[in-house]
1. Kirkwood Rh over Cα pairs of the range A:73-122 into Stokes-Einstein at 10 °C, 1.306 mPa s: D in µm²/s?
2. Provide the per-residue ³J(HN,Hα) series for the range A:56-66, in order, calculated from phi with Karplus coefficients 6.51, -1.76, 1.60 and θ = phi - 60°, each as a whole number of Hz, with x at glycine and proline positions.
3. In debye, nearest 20: dipole of the protein assembly as shown around its Cα centre with unit charges on the Cβ of K, R (+) and D, E (-)?
4. What is the pair-distance distribution P(r) of the range A:349-493, computed from all Cα-Cα distances in 5 Å bins starting at 0, with each bin given as a whole percent?
5. Rounded to the nearest 5, what % of the DSSP beta bridges within the range A:398-501 are antiparallel ones?
6. What is the mean projected area of the alpha carbon convex hull for chain B, to one decimal in square nanometres?
7. Taking H as built 1.01 Å from N, whose amide H comes closer than 5 Å to the amide H of B:V384, not counting residues under 5 places away?
8. Suppose we compare each residue of the range A:81-99 in its chain alone and in the full protein complex with a 1.4 Å probe; which ones drop by at least 40 Å² of accessible area?
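The values are calculated or read from the model by the stated rules, or taken from the named source; none is laboratory data. Predicted model only: the values in this text are computed from it and were never measured. Using ideal geometry, Cβ is built from the backbone for each residue, glycine included, and neighbour counts are taken over all protein chains shown. Side chains included, ligands, DNA and RNA excluded: accessible areas come from the protein's heavy atoms. Shrake-Rupley method; radii C 1.70, N 1.55, O 1.52, S 1.80 Å.
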2 protein chains.
Amino acid sequence: MADKAQIPEAIKVQGEVVLKLKSEKASKEQIDEEVSKLLQLKAQIGGDDGEHQFVLKTAKGTRDYNPKQMAIREKVFNTILGCFKRHGAETIDTPVFELKETLTGKYGEDSKLIYDLKDQGGELLSLRYDLTVPFARYLAMNKITNIKRYHIAKVYRRDNPAMTRGRYREFYQCDFDIAGQYDAMIPDAECLKIVYEILSELDIGDFRIKVNDRRILDGMFAVCGVPDDKFRTICSTVDKLDKMPWEEVRKEMVSEKGLSEEAADQIGEYVSLQGGMELAERLLQDQKMCQSKQASAGLMDIKLLFSYLQLFQVTDKVVFDLSLARGLDYYTGIIYEGFLTQAGIAAEAQNGSGAEESVSVGSVAGGGRYDGLVGMFDPKGRKVPCVGVSIGIERIFSIMEQKAEASAQRVRTTEVQVMVVSAQKNLLEERLKLLTELWNAGIKAEVIYKKNPKLLSQLQYCEDSGIPLVAILGEQELKDGMVKLRTVATREEADISRADLITEIKRRTSEA
Amino acid sequence: MADKAQIPEAIKVQGEVVLKLKSEKASKEQIDEEVSKLLQLKAQIGGDDGEHQFVLKTAKGTRDYNPKQMAIREKVFNTILGCFKRHGAETIDTPVFELKETLTGKYGEDSKLIYDLKDQGGELLSLRYDLTVPFARYLAMNKITNIKRYHIAKVYRRDNPAMTRGRYREFYQCDFDIAGQYDAMIPDAECLKIVYEILSELDIGDFRIKVNDRRILDGMFAVCGVPDDKFRTICSTVDKLDKMPWEEVRKEMVSEKGLSEEAADQIGEYVSLQGGMELAERLLQDQKMCQSKQASAGLMDIKLLFSYLQLFQVTDKVVFDLSLARGLDYYTGIIYEGFLTQAGIAAEAQNGSGAEESVSVGSVAGGGRYDGLVGMFDPKGRKVPCVGVSIGIERIFSIMEQKAEASAQRVRTTEVQVMVVSAQKNLLEERLKLLTELWNAGIKAEVIYKKNPKLLSQLQYCEDSGIPLVAILGEQELKDGMVKLRTVATREEADISRADLITEIKRRTSEA
């Protein structure tokens, strides 16, 4: 409250900042941020009534999950968790923030999106940007050379949120990684199998998994005449092919990035290629491509990968696609991305929609091989080969939520099996006694926290929240040592002796 | 790397800061923090070999969880989750950071322990300090007037970590709260029932739950002659009674806080009282205490609470204790804290150790009623009465971990049911084929990611990681359409036809 006197001055200054930005035609984002600061200042001095007014909101790009959303989220997590466990993964956890230097130099251009903590004395800290770099730090720190682990946790990116499309600043990643020196492409193939299993099981429409290899990209750039120092920037332009037509990508390469037209056209031919094992075989024969040792090594691995994918029965959804170029710096070999296809979303119910013409609407999984990252943390640079995949849960969750909205089915937010109610007044003690018996027997049960609730409102509560059974107590039941057990759906009632009640409830709820 | 040139200068400056602090005899913590900054700077210019050296550590007061710790943690969470669900709670999630002003003014003196995010343009943000304030913000923002919810998530406090005693800067809280206008003490009693159930089920030794009421404390201070403006500070001195003897607490009140000796002695008499419903009844007759309306109201509620606790069958562990004074500002009524008793920890295996003389070794749960917090967020100040409890998982987890260390039992970190192995070379493809069959049938299965692993090392892996079954493939088995199924524990082997394998594995693993 001591600072309150200074707020009007701060509002004046901030108001000028906003006006200046507007006159300079600054970016909408920049103006919005300064306006939001201004509004916060104004909120602090309160409304007309002089009371303190809070800005009642969550931080930009974040959201709360209400119970219904949590119920859906739990379902999605259980599917993913089930798959990770089926594949024999352990789990670890790491802190939500790391020493700033742990994250420094791992994400290339994206480093500007990292959230830093305020220097309050002590260490300089940043919120984790993904789960991969902390995983690599963990391996190096504990000198672990092989592990198969999953990690489901939130990560943080100061990106421009697009929340309607499921893009947030705080979001979950569900990572599965295999670290260790193994024979080529076996762990890599398992990661693709995992994406396949999860996307199939979630039943959110048709999908494709695109595969490429960092070495094929680099080799391709080399043989097409891209100068070494332009690999990265050209690579990030190629990465835009899923959002832009080739003409625009070509233009960016030539006009903005100064690539020769000839080189751009050669790249254009390659990145239009899609296929399976046969495409890798064809490119291994390609006169230009085979000049690059790197590209050849990558193509051999793609071939081997597809042979394992056949054994894993997933080749119907996996496409070798030379235009796939994932952004992160740390990939060294195979890279992949799982996309839901437009057709898949539009015609969720129909299986087997056309593949070739379907447009990708967004990546829901991605990953690749990163053999160098752990070595960056080891004092002696000892490498631990790693391959992994990250499931982007938020977009999946948005789709599941829409599906739940569209369907008539009720989403239950609790697992309560029985509600203890009374038909007459002054039976609170008896209700609590019975409730205790049920709880102590492990039954999920509730009462209304009122001394004398109306029978109708108690029954209505069960209907509303989907509780299947009601145990009704009245003077007569108490005298007879009975309980009236009512099935909410059918409204059928049966008199059960108190001694048999728990068995009867367990029998009925295990049937459902 | 561009900044590297500036590091030597920064080291010099930082070195001077450290020297200055030492010469000024600054606090150990302050010096340690500056030294840690210095070491980080030094690490950045690398060792003698000129290579970049990372400080391979997690941030101060935080830790990683390895797979074994995670397995224990999962078990603890499942117990807690099971209890929360048995009591019919829904769950919500809120972001890890909130607008700074959301947290401002809610924690009293502890506010200095809040982690702030760096101002990178945009909103001012802080990491959540508990789950209660975000919950209240959520209720006000969504105009929710009644809900029973649990929330299990990490919170952040820039406290002095004491990690050996399970005190961290990042730690989990497991919260259960009931919001809504209900009849007195029914939800409050359920919160205590929950603490009782969880601490019993976790089986970590004997415990007690102390109960008091904010109004009894305030009333007691009033009738003992504590000036109004000293209630808070005297209250926080009383709060130290579980760590200090009365003599020292008295001294702090009189010498440091300027309370009269008479008032201190009167407080001393009250705060030595412990009991149950009968103590509340006695104090309701107490000449001095009954002068305070507040205290009387609190005592009436304690009496009512104990009547419900009797119905819930938990009075053997609940103690009405006038010395209990929880720190947080927002409590308005009943407060409680669950403690493990020394006896409980020392003689974990023995049940029913003496209660009166046992010394509390640390709070593992705490909570209370906070009827005003939601109103602080509502523009019109509309109140939503709330009561809740928070289980402090880290200390419990430390104990569970020690228990696991001490016991000979292996903690499994995966749930793998069967390992697919081969006795001969060149059977990778066959192994992967069988593995796919198992995965597709929902069986948790693994292979070694090598083309030709040794049979012995495959079997050894199963022994080490506790995998119960091995499916062995050889040329002969493949010819005959059979698989040899081995039970790792007994080393028994049986030939199973391929068609029956999945059923057989499911049968055997469901038995276990």
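1. Details: Rh = 14.3 Å.
D, rounded to a whole number, is 111 µm²/s.
2. 8, 7, 8, 4, 3, x, 10, 8, 7, 10, 7
3. Working: 144 positive and 160 negative charges, 11 e Å.
Its charge dipole is roughly 60 debye.
4. 2, 8, 12, 12, 11, 6, 6, 7, 7, 7, 7, 6, 5, 3, 1, 0
5. Numbers: 9 of 16 bridges.
DSSP beta bridges in the range A:398-501 are roughly 55 percent antiparallel.
6. Values: hull surface 134.6 nm².
Averaging across all directions leaves 33.6 nm² for the Cα convex hull.
7. It is B:V374, B:G375, by chain and number.
8. Relative to the lone chain, where solvent access is computed with a 1.4 Å probe, the range A:81-99 loses at least 40 Å² at A:K85, A:R86, A:G88, A:E90, A:T91, A:D93, A:P95, A:V96, A:F97, A:L99.
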